[in-house]
Amino acid sequence: MEKITSNLRKRMSAKDAHYGGNLCDGAHMLHLFGDVVTEIAIKVHGDEGLFLRYDEVEFTAPVYAGDFIEAYGEVTKLGNTSMTCELVAKKVIAARPDVGPSAADMLDEPVVVCRAKGITVVPKANSRK
């Protein structure tokens, strides 16, 4: 199977912070994963499809307003109408409010903040490829 992937990067803003200390909730990572899987479905089927479920969601590090997150997905199993994807979100830039209100550091090594598996389905009637 040819490698099918999607990658996107997003800066978490102050409006994404939900908890004290500008901490963002994990639901934001799932939202990014949904966009990644949607792009993959469009690449494969020419249709956004329907996200069926997440499996094995694991939050591994905190995300704060001002952090840049890179979300990546890769198809690991391709069926007639379904696709299973491995998903990972990594922090690539960390906000540094301890240094200054707009300070941030590029990270030498990205920090994995979330991993998951997901399954999406594109009904045969919607598949254009």
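No value in this document is a laboratory result; all are computed from the given coordinates. All values derive from a computational prediction rather than experimental measurement. All Cβ positions, even for glycine, are placed from backbone atoms using ideal geometry, and neighbour counts span all protein chains on display.
Close lysine pairs were tallied over the range 5-121: pairs 8 or more places apart or on different chains with Cα atoms under 22 Å apart number 11.
Rounded to whole Hz and in sequence order, give me ³J(HN,Hα) for the range 68-76 from the Karplus expression 6.51 cos²θ - 1.76 cosθ + 1.60, θ = phi - 60°, writing x for Gly and Pro. Once rounded to whole Hz, the list reads 9, 10, 10, 10, 9, x, 9, 6, 10.
The structure shown yields P(r) over Cα pairs in 10 Å bins from 0, in percent, and of the options (i) 14, 48, 31, 7, 1, 0; (ii) 13, 41, 27, 14, 4, 0; (iii) 13, 34, 24, 15, 9, 4, 0 that calculated value carries the label (ii). The trypsin sites (Lys or Arg not before Pro) found in the range 1-91 that occupy coil by DSSP, while having at most 15 further C-beta atoms within 10 Å, are Lys3. Close amide H partners of Val113, meaning residues 5 or more places away or on another chain with modelled amide H under 5 Å apart, are Ala89, Lys90, Lys91. Against the main long axis of the alpha-carbon atoms of the chain, helix 27-45 sits at an angle near 30°.
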